[in-house]
Amino acid sequence: MFLTPKEQLAIIKKGADKIVDEQELLEKLERSYKEQKPLTIKLGLDPSAPDIHLGHAVVLRKIKQMQDLGHHAVIVIGDFTGRIGDPTGKAKGRVALSDDVVKKNAKTYCEQIFKVLDEKKTTVRFNSEWLAKLTFEEVIQLAATTSVARILEREDFQKRHHQQIPIGIHEFFYPLMQAYDSVELEADIELGGTDQTFNILMGRTLQKHRGVEKQIAIFMPLLEGLDGVEKMSKSLGNYIGVNEAPEVMFKKVMEVPDALIVKYFELATDEHPQLVQAIQEKLQMGENPRDLKLQLAEIITALYHGHVAMEEAKFYFEAAFQRKEIPKNIPILLLEIDKERIEDIIPQLVAIDFIQSKSEFLRLIKQNGVSLNGEKIAIDDLSQVLMNDDVIQIGKKRFLRLNK
C-alpha cells in the first residue's frame, strides 16, 4: 500500500455513483494503511447470466483498482441464493436454478472475471458454504432482524404489491441472505450497480445488528451501450463482450458515441482520475473525438487481450475501416475440392457462423452488403467460380479468406 488513504480514496471515488459512507471509508483506509492490512471487498454474482460485457465489468474494474491499491476481493457466487433468484427489477419472481446450471454458470463466470481481476488477490466463495448450514431456528432469527414494511421499501416489491402480483415469502429472504453473506465474510466494502442499492444497504444493517463493523457500500452507475441510450445489454445488441475477438472489440469501442467518451474512460478503464480529467478538457477544447476514441479503443482492447493483440486489432481496423483495404490476418475457410462456386459454399459459411442462414446471405447480397475481393456481388454472381485466396466480405466487419 504505497498510496496514502486520501490518494486511495480519490481513485476509489472515480466514476462511483454513490458511497455510503465516505467518511467511514476514509477511516477504514487509514486503519488499513496504518496496520498494513488489506480491506475485504465483497462482490456477489448472480449465477443466472454468465456472459460478461463491459457493463458488467464496471464493478469488476473498480475492484481491480482497489486490488492494485493492495486490497483483497472476495467473489461470492450465489449458488444458494440462486435457488430463489433475485427479483430485482422484475415484474414477477424468477425461476430457481438447478445446481448443475449454477455450477456451469459459475465456471464460466470465473473464466471471465479473471480477465479483469487479479486472481492472486481474489478468493471465490459459494454462499451455500454457510447458508445451507443454517438451522430453521437461525433462519427465523434472521427474519426477525427486519420487518415486512422494510422489505416492501424495495421498489420492485412495492410495484408488485400495488399491482397485486403475487410475492412469495421466500423472495423476502433474498436480501437477507445476501446481507448474511456480508456478516459471514466480515466484508469491509461491498460493490454493486445502482440497481442493488437495497440489497447492499441491507448488508450494512445486518452487520450492525450482529455486532460486525458495517461495510461501505459503493454503487457504480449503469453503463449505456453503443446506442448511447439503453443500458448495455446483450439482448439489445448494444454490448461489447469481454470475450469478443480483439479486432471486434476495437471496432466496437470506436463506435462509442462521442457523448460517452469520458464515461467510458471513467467506468471501462483503470486510468487515473487525472487522465480522465485531461480527456474531458481536450474534448471541451475541441480536440477530435475520434482521436480520443482511438486512445480508448487501445486501452480497452489491451486490458482484455494484451498489447500485442491490441496492436494487431488496431492495424486491422485501420486497414479495413480507414484505408478500406483487406486486412491480412483474417480467418481462412478451407474449401472442399468439389465446392467451387459461391452458392456451393453457403452451407459452410452457415456452419462456421459466418452467416446465420442462406436466406440472410441472399438478403445481404440484394442489399449490396456482400463483396468478393472488394467488389460487390449480385444474385446473378452466385455461380461464379472461386479462386485460391479470394476474400469474402460481409458489411464492414466480417472478412473470410478462401483456400482450396
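The values are calculated or read from the model by the stated rules, or taken from the named source; none is laboratory data. As the structure is a computational prediction, the values presented were derived from the model and not from experiment. Here the Cβ is made from the backbone with ideal geometry for all residues, glycine too, and neighbour counts use every protein chain on show. The area values use the complete protein model at the heavy-atom level, side chains included, leaving out ligands, DNA and RNA. Shrake-Rupley method; radii C 1.70, N 1.55, O 1.52, S 1.80 Å.
Checked against (1) open to solvent by 70 Å² or more (accessible area, probe 1.4 Å); (2) in a loop (DSSP other than H, G, I, E, B); (3) in contact (Cβ under 8 Å) with a residue 12 or more places away in the chain, Lys115 passes all but condition (1).
Taking the stretch 278-318, which residues are acidic (Asp, Glu) and either assigned to a loop (DSSP other than H, G, I, E, B) or surrounded by fewer than 17 Cβ atoms within 10 Å (Cβ to Cβ) (or both)?
Listed by number, the residues that qualify are Glu281, Glu287, Asp291, Glu311, Glu318.
In the stretch 202-221, what residues are buried (at least 17 other Cβ atoms within 10 Å of the Cβ) and either out of contact with any Lys or Arg (no Cβ under 9 Å at 6 or more places or on another chain) or outside any helix (DSSP H, G or I) (or both)? If the condition is that a residue be buried (at least 17 other Cβ atoms within 10 Å of the Cβ) and either out of contact with any Lys or Arg (no Cβ under 9 Å at 6 or more places or on another chain) or outside any helix (DSSP H, G or I) (or both), then Leu206, Val212, Lys214, Gln215, Ile216, Ala217, Ile218, Phe219, Met220 are the ones that fit.
Contact list please: Cβ distance under 8 Å, first residue in the stretch 229-258 and modelled with pLDDT under 85, second residue crowded, with 16+ Cβ neighbours inside 10 Å and among the aromatic types (Phe, Trp, Tyr), pairs at least six apart or on different chains. Sorted first by the residue in the stretch 229-258, then by its partner, the pairs are Ser233/Tyr239. Answer yes or no: is there a residue in the stretch 350-363 that is at pLDDT 90 or above and loosely packed, with under 11 Cβ neighbours inside 10 Å. Scanning the stretch 350-363 turns up no residue that is at pLDDT 90 or above and loosely packed, with under 11 Cβ neighbours inside 10 Å. Going by what's in this entry, would Asn127 be described as open to solvent by less than 10 Å² (accessible area, probe 1.4 Å), touching a Ser or Thr at 6+ places or on another chain (Cβ under 7 Å) and closer than 29 Å to Ala268 by Cβ? So Asn127 passes the test. Only a single item in (1) under 27 Å from Met249 (Cα atoms); (2) touching a residue at least 40 places away in the same chain (Cβ under 8 Å); (3) hydrophobic (A, V, I, L, M, F, W, C) is not met by Ile355, and it is number (2). There is no residue in the stretch 148-157 that is in contact with a strand residue (DSSP E or B) (Cβ under 6 Å, 6 or more places away or on another chain), of a type in the set (A, V, I, L, M) and free of Cβ contacts under 8 Å to residues at least 40 places away in the same chain.
Determine whether Ala149 is among the hydrophobic types (A, V, I, L, M, F, W, C), open to solvent by 60 Å² or more (accessible area, probe 1.4 Å) and at pLDDT below 90. Against the criterion (among the hydrophobic types (A, V, I, L, M, F, W, C), open to solvent by 60 Å² or more (accessible area, probe 1.4 Å) and at pLDDT below 90), Ala149 qualifies.
Please find, among Glu271, Glu186, the residue that is open to solvent by 50 Å² or more (accessible area, probe 1.4 Å) and closer than 21 Å to Leu43 by Cα.
Glu186
Summed over the stretch 222-232, residues that are open to solvent by 10 Å² or more (accessible area, probe 1.4 Å), in a loop (DSSP other than H, G, I, E, B) and not hydrophobic (A, V, I, L, M, F, W, C) total 3. Among the conditions (1) in contact (Cβ under 8 Å) with a residue 60 or more places away in the chain; (2) open to solvent by less than 10 Å² (accessible area, probe 1.4 Å); (3) part of a helix (DSSP H, G or I), Met177 misses just one, which is (2). Inside the stretch 189-198, residues that are touching a Gly at 6+ places or on another chain (Cβ under 7 Å) and crowded, with 22+ Cβ neighbours inside 10 Å make up a count of 1.
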